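Some notes on the structure that comes next.
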Amino acid sequence: MTPTATVTRFIELICLGRLEEAAELTAEDITYHNLPMPPVFGRADMAAVLGGVCQLADEVDWVVHHQAEVGTVVLNERTDRFRRGDHWYEIPVMGSFTLSNGLITRWSDYFDLAQFTERFEGFFAAQ
């Protein structure tokens, strides 16, 4: 697969709730960085962080608005959406993915933490 196809499939699998399959598209030593939070290292820790958020949602829908590939780097502008009950929680995100040997080796998402805190109020509360 091309880098773009790999990232597109990765996002599709996340939205389908198939996180283990999505993780298989990443390197064992992936660096996953949700800026401005500290990075996590390794496939297992990346999957744990991602699963911790996605498993709280009844539905996940990451809408990719623009995506570009330059060599082994894929950049995308997205709206990450998580439905819990009748409410959708949304945040604009800029993602950067670096690939090597067909696997994602670095994944960085850039978003506004204050906006996230405001928009996701109640998302992490017990149902």
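Every number in this text was worked out from the coordinates using simple rules, so none of it is lab data. Since the model is a prediction, treat every value here as computed from it, not as a measurement. A quick note on method: Cβ atoms are made from the backbone with ideal geometry, for glycine too, and the neighbour counts reach across all protein chains shown.
Considering only the other residues whose Cβ falls under 13 Å of the Cβ of D45, what net charge follows from Lys and Arg at +1 and Asp and Glu at -1?
Cβ neighbours under 13 Å give a net charge of -1.
Given the Cα-Cα distance of M94 and L113 and 0.36 nm per residue of separation, how much length would full extension add, in nm?
5.5 nm
By how many degrees, 0 to 90 and rounded to 10, does the Cα axis of helix 3-15 deviate from the longest principal axis of the chain?
With rounding to tens, the tilt is 30 degrees.
I need the phi-derived Karplus couplings for segment 17-24: 6.51 cos²θ - 1.76 cosθ + 1.60, θ = phi - 60°, integer Hz, Gly and Pro marked x.
These are the phi-based 3J(HN,Hα) values: x, 9, 5, 5, 5, 4, 4, 5 Hz.
Take every DSSP beta bridge with both residues inside segment 3-119 and express the antiparallel ones as a percent of the total, to the nearest 5.
Around 85 percent antiparallel, to the nearest 5.
What is the distance in Å between the Cα centres of segment 1-60 and segment 88-126?
10 Å
Report, in deg cm²/dmol and to the nearest 500, the calculated mean residue ellipticity at 222 nm for the chain, where each DSSP H run with n ≥ 4 adds -39500 (n - 2.57) and the sum is divided by the residue count.
That calculation yields -8500 deg cm²/dmol at 222 nm.
At a Förster radius of 35 Å, what calculated FRET efficiency corresponds to the Cβ-Cβ distance of T4 and D86, to the nearest 0.05?
With a Förster radius of 35 Å, E is 0.55.
Compute the long axis of helix 43-54 from its Cα atoms, compare it with the longest principal axis of the Cα atoms of the chain, and write down the angle in degrees, 0 to 90, nearest 10.
The angle comes out at about 30 degrees.
Which value, in Å to one decimal place, does the Kirkwood hydrodynamic radius take for the chain when every pair of different Cα atoms is included?
14.8 Å
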